[in-house]
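The values are calculated or read from the model by the stated rules, or taken from the named source; none is laboratory data. Bear in mind the structure is a predicted one, so any value in this text is a computation, not a measurement. Neighbour counts are summed over all protein chains in view; Cβ atoms, including those assigned to glycine, are modelled from backbone coordinates with ideal geometry. Just the protein is used for accessible areas: all its heavy atoms, side chains included, with ligands, DNA and RNA removed. Shrake-Rupley method; radii C 1.70, N 1.55, O 1.52, S 1.80 Å.
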Amino acid sequence: MRILVSGGTGFIGQALCPQLAQDGHDVIVWSRQENPDVAEGVTTVQRLDELSGPDPDAVINLAGASIADGRWTEERKRLLVDSRVETTGKLVEWMRAMESPPKALISASAVGYYGEQGDRVITEETPPASGFTHDLCDQWEKEALKAEALGVRVCLVRTGVVLDRDGGALAKMLLPFKMGTGGRLGSGKHYFPWIHRADIVGIYQWLVGNEQAYGAYNASAPKPVTNAEFTRALGRALKRPTLLPMPEPVLRLLFGEMSELLLVSNRMMPKRLLDEGFEFRYPELKQALHAILS
C-alpha cells in the first residue's frame with residue numbers, strides 16, 4: 001500500500017514508519033520540518049500539494065503537539081487543540097478534493113477521551129466524563145469522522161501511555177527512579193493505562209490492513225495497573241527503592257491543571273481489539289518493562 005503518515009517524526013511515528021516500510025509499504029511522512037530524520041525507504045513532504053505519483057491508499061494521522069510539555073495555559077490549550085483538529089481537518093479537506101480518496105484513515109486519539117472514571121472498567125462504550133482532555137479528543141475524533149462521508153473507513157485509536165526507553169513518559173521517569181527518588185503519585189490508587197510501543201505500532205499495522213475495522217478502539221495493554229503497582233514494578237525492574245511519594249497537592253502546585261494527566265484514573269481495556277483477534281506482544285507490565293530495560 002501507499003501510506004501517508006502525518007506526525008510521522010514523533011514518538012510513535014519513529015517506530016511505526018520504519019516498520020511499515022519494512023512490511024513493503026510505500027511510506028510518505030507529512031511533516032512541517034525541513035529534511036526531517038526518517039528511516040531509509042521513507043520519503044517526506046512539507047505540504048500535501050507536494051505529493052506526486054499515485055494517491056495514497058491509506059492515511060495514518062499522528063499529528064499533535066505533546067500534551068505533557070508545559071503547563072496548560074489558555075495559549076497552550078489552544079495549541080493542543082489546533083495542532084490536532086486543524087491538521088486532521090486539512091487531511092479531510094485534501095481527501096475531499098481527490099477523485100479517489102484513500103480507503104482508510106487511522107487517526108490517533110487518546111485515553112483522555114474518557115475523563116476521570118475511577119475504578120470503572122472502560123470499554124469503547126463507556127460514557128465519557130467532561131473536562132479538557134475529553135473536549136480535546138472529542139473535537140479531534142469528530143474532525144476525523146467527517147472522512148466517512150467520503151467513503152473512507154475511519155478508525156480512532158484511543159491511546160494509553162506509550163512506554164519505551166528512548167522517549168515518551170517512561171524516558172522522563174527513568175532518571176528519578178534510577179536515583180532512588182521515584183515514588184507513587186498522590187494516593188497511587190488511580191489506574192494507569194499503559195502500552196508497549198511495539199504494541200501500538202502493531203495496532204496501527206493491524207488497523208491499516210484490516211478492512212473490517214472501523215470506529216473507536218482502546219489502545220492499551222489488556223492488564224491495566226494502578227499507579228502504585230506501576231511504581232513498584234518500575235522500581236523492581238531498575239532494582240531501586242520507590243519510597244518517596246509525590247503528594248497530590250504538590251503535583252497540583254507544580255503542574256496546575258496538567259496534573260490531571262498524572263492523577264486521573266482510567267482502567268481502560270482494549271475490548272474491541274481483543275474481541276476482533278488482535279494479539280498483544282506485551283500484555284503484562286513486568287514483561288514489557290523487562291523488554292524495554294534489559
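Relative to the longest principal axis of the chain, what angle (0 to 90°, nearest 10) does the C-alpha long axis of helix 11-22 take?
50
Share of antiparallel DSSP beta bridges in the chain, in percent to the nearest 5?
Close to 10 percent.
May I ask you to list the lysines whose Cα is less than 17 Å away from that of Lys189, ignoring any residue fewer than eight positions away on the same chain?
In chain and number order, the partners are Lys223.
Can you list the lysines whose alpha carbon is less than 24 Å from that of Lys103, not counting same-chain residues fewer than 8 positions off?
Cross-link targets: Lys90, Lys142, Lys146.
Per residue, how much accessible area does the chain have with a 1.4 Å probe, in Å²?
Ligands and nucleic acids excluded, the figure is 48 Å² per residue.
Heavy atoms only, probe 1.4 Å: what % of the accessible area of region 1-59 goes to carbon and sulfur, would you let me know?
Carbon and sulfur together cover 40 percent of it.
Using only DSSP helix segments of four residues or longer, with each worth -39500 (n - 2.57), what per-residue ellipticity at 222 nm results for the chain after dividing by its residue count and rounding to 500?
-11500 deg cm²/dmol
What ³J(HN,Hα) values, in whole Hz, does the Karplus curve 6.51 cos²θ - 1.76 cosθ + 1.60 give for region 274-290 when θ = phi - 60°, with x put for Gly and Pro?
5, 4, 9, x, 6, 10, 7, 6, 10, x, 10, 5, 4, 5, 5, 5, 4
Net charge near Gly168: determine it from the other residues with C-beta under 15 Å of the C-beta of Gly168, scoring Lys and Arg +1 and Asp and Glu -1. Working shown, then result.
Numbers: positive: Arg165, Lys172, Arg197; negative: Asp69, Asp164, Asp166, Asp199.
Taking every Cβ under 15 Å from that of Gly168, the sum is -1.
Running a GNM on the chain with Cα contacts under 10 Å, which residue among Gln205, Gln139, Gln46 ends up with the highest mean-square fluctuation?
Its mean-square fluctuation being the largest, the pick is Gln46.
Peptides 218-226, 166-174, 142-150, 68-76: what's the order by average Cβ count within 10 Å, highest mean first?
Values: 218-226: 22.7, 166-174: 15.2, 142-150: 17.1, 68-76: 12.4.
The peptides rank, most packed first, as 218-226, 142-150, 166-174, 68-76.
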